[in-house]
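Shown next, in structure tokens, is the structure this report addresses.
Only the coordinates and a few stated rules stand behind these numbers; no lab work does. None of the values given here were measured: they were computed from a predicted structure. For neighbour counting, all protein chains shown are included, and Cβ atoms are generated from backbone atoms with ideal geometry for every residue, glycine included.
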Amino acid sequence: MAIKTKDLNARLFGKADKRRATNVTEAQTAARDKASVIELAVAGEDTVAFELVKINATDVEQKTRVFAENAREQAFLNEHALADILTTLKDRGQQYPAVGRWLDDGNIEVLDGSRRRMSCILAEKDFLIYVAKGINSEHAKFLSDVANAHKPLSLYERGKEMQLLLTTGKVADQKELARYCQCSEALVSGALKAASLPMELLMAYPSVGELGRPTIVKLHRLFFGLNDEQQQQLVSQLTDGETAMWKKIDAQGITRITREVTMQLEQISDALQPKVELEAPKPKAQDLIKGKVSFTRDGDKLQLKLKKLTERQADEILAYLSDYLK
């Protein structure tokens, strides 16, 4: 049976949108029963037959790869970022198949389901995916974008998409970008700040998708407050060794680990910046005899300022000092 693109999420994720799906029960049942073949009208155009393929757990990483234009950053997919599906997948296996296309070399390119793919790799579970031939790049991008609507992209990933819109001239500035993306200008600013940060800095965190605008703004100020050499030193410290910073944190829970990582990054940044010696405040003059004599003490130095002296008084004071300090 053929289904429309608007029913894609319902069929593939088992979560029917009652506003769009014509038959909720059918959509949910088809996904749950894992029909061996599904005919899908991709982007409302040609109907394509997708066959269900099971890839052994040991072959998932070698026999599949993720669509290069997928907006989701694969380097961020770890056990924390995938926590919402990883536990269930470990216990019951993959519930809903991914979607992909056959490549000329016999491998499979995953268009929808990169999170499920990585979860199967981490959990060492078989990977289920509906695969078709003859999916062109335009339709592949369409399927990938529809899939990413299921799990919101991180600020970094959204920022990368926004950067591309600005670079290609599709939008002129951040204000137009906000209208195009149907979001606030504050979100646009935060996303672009996130996209300007180096991957190494973001991968110090357990789940980049959980980083909100306040943390992103703090990281942006921290990183770009360093000069080029200091930035390189910071990145080098983060990439020195195979263990990510968040894995070295002795804490439980994403929120607490995230806070600890931010504190450690601030400490590293402070250590990289040379300490600025504050000038000691200059000593102030004090009155000895108001209006006539004042003095200033600075360590072993003493300055006297005398006013309204007669010539005789001046001579006597100088003679006294000369005799006293010999």
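Tabulated data for the structure shown
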quantity: Proximal charge balance of residue 179 [Cβ under 13 Å; K/R count +1, D/E count -1]; calculated: -1
quantity: Nonlocal amide H pairs with residue 50, under 5 Å, H built at 1.01 Å; calculated: 38, 39, 40
quantity: Charge sum, other residues only, whose C-beta stays under 9 Å from residue 294's C-beta, Lys/Arg counted +1 and Asp/Glu -1; calculated: +3
quantity: Relative packing of peptides 48-58, 128-138, 92-102, 315-325 - highest average C-beta neighbours within 10 Å first; calculated: 92-102, 128-138, 48-58, 315-325
quantity: Cα-based shape type of the stretch 156-272, given that a ≥ b ≥ c are square roots of the gyration tensor eigenvalues and the cut on a/c is 1.5; calculated: prolate
quantity: Cα principal axis extents for the stretch 37-134, largest first, Å; calculated: 38, 27, 26
